[in-house]
């Protein structure tokens, strides 16, 4: 059956998965090895693979270059910035001050993720934004193995994060969608395309942020799809000391019937 098994891989890119990457997630390279083995061993059973690509401009609201303090210095990575601090002048946006304040107001009202500053990462067109090399090789093997079976396969790549004035953790929509920016709004077509399959395996980086938020967006917007999701729990890792941010999402997912399995036990 050609629409039985799909695999959704979140942000398995150099900057997250390589120890030399700009925003390396500890142990991600081992997650990638397990995920690549999973793809190769199950090549003829995986009917569809979708990879997501975090893709940011340099002056992104989550990057140091977007901000300065009273003395003109950019914030250090992993600095949390609140609306109150902006209103008090502790942190000053270098661009779009009104839009930035409105964004922080909505983000804090949402109550899910605080606004953190990351290192400059996954810059559009950069080495850091590229798929991890080990995974890329596994995807090519998947295509070749299916070709030998007379089947045409090609993975689908979906970008996120290109609009600089909102975080975009989950693949299906930005943290705060913007009315006149379609790239930030709900990607219903992607949800619908995945919902064609009986099983949708989920893996990627980071477990605490982008994978968790993508899963939450499935739970919120496509509960019928959620019942098909199988999380490959040994193919993802938390950003250190931030696992608590995603944990409520995974607890909710289990209650809604999402399965959690090891990649070698599927």
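No lab work stands behind these numbers, since they all come straight from the coordinates. Values in this document were obtained by computation on a predicted structure and should not be read as measured data. Cβ atoms come from the backbone with ideal geometry, glycine included; neighbour counts cover every protein chain shown.
Points to keep in mind about this one:
- Chain lengthening between residue 3 and residue 242 when straightened (0.36 nm per residue, less Cα-Cα): 82.5 nm
- Candidates 152, 197, 14: whichever shows maximal mean-square fluctuation once the chain is modelled as a Gaussian network with Cα springs under 10 Å: 152
- In percent, rounded to a whole number, the relative contact order of the range 64-110 is 37, using alpha-carbon pairs under 8 Å and six or more apart.
- Protection proxy ranking of 161-167, 63-69 - average other beta-carbon atoms within 10 Å, highest first: 161-167, 63-69
- Degrees between helix 28-41 axis and first principal axis of the chain (Cα, 0 to 90, nearest 10): 30
- The mean sequence separation of alpha-carbon pairs under 8 Å and at least six residues apart, normalised by the residue count of the chain, gives a relative contact order of 25 percent.
- Distance-filtered residues of the range 87-114 - backbone nitrogen under 17 Å, label point 7 angstrom along residue 65 Cα→Cβ: 93-96
- Centre separation in Å (Cα based) which lies between the range 131-185 and the range 216-231: 18
- Taking each residue as 0.36 nm, the span from residue 143 to residue 30 lengthens on full extension beyond its C-alpha to C-alpha distance by 38.4 nm.
- Reported label for calculated Rg and Dmax of the Cα atoms in Å given (i) 18.9, 56; (ii) 17.5, 55; (iii) 18.6, 64: (iii)
- Helix axis angle, 212-221 relative to the chain longest principal axis, alpha carbon, degrees: 80
- Considering only 217, 205, 196, the mean-square fluctuation computed in a Gaussian network model of the chain, springs between alpha carbons under 10 angstrom, is largest for 196.
- Helix 97-110 and the long axis of the chain differ in direction by around 60°, with both axes built from C-alpha atoms.
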